[in-house]
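Inspection log for the structure reproduced underneath, given as structure tokens.
The values are calculated or read from the model by the stated rules, or taken from the named source; none is laboratory data. Keep in mind that this is a model prediction, so the values were computed, not measured. Backbone-built Cβ (ideal geometry, glycine too); neighbour counts: all protein chains shown.
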Amino acid sequence: MISIYYILSSVIDLFVWSLIIYVILNVLANFGVVNRYNTVVNFIQTSLAQIHEPILYKIRSFLPNFGMIDLSPLALFVLVEIFRVILRELLFRI
């Protein structure tokens, strides 16, 4: 059971880090620091968008509109950590 938890925890960590990279890349692209038309940046941004946008879109439908501030990645971080705690409690239950 410990090995299953570590594998799932590593996958969750990879998802969280890719979400952090996606959010930072979007912020840098919106402020003009990163060129969106660069092929490498465009490839990374579209790849991460295909992973994260379906989940973030569903979260955005539940959150109220805060103007230009998008809190859906923060809500996704919280949901992922809650999932991790529940997973740990289910797998290590005695």
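A few notes on this one:
- Considering residues of region 24-55 that are of a type in the set (G, A, S) and in a helix (DSSP H, G or I) only, the residue farthest from the chain's Cα centre (by Cα): A29
- Restricted to region 58-82, and to residues there that are among the aromatic types (F, W, Y) and modelled with pLDDT under 95, the residue that is nearest to I4 (Cα to Cα) is F62.
- Within region 11-23, the presence of a residue that is more than 11 Å from the chain's Cα centre (by Cα), surrounded by 12 or more Cβ atoms within 10 Å (Cβ to Cβ) and among the polar types (S, T, N, Q) is excluded.
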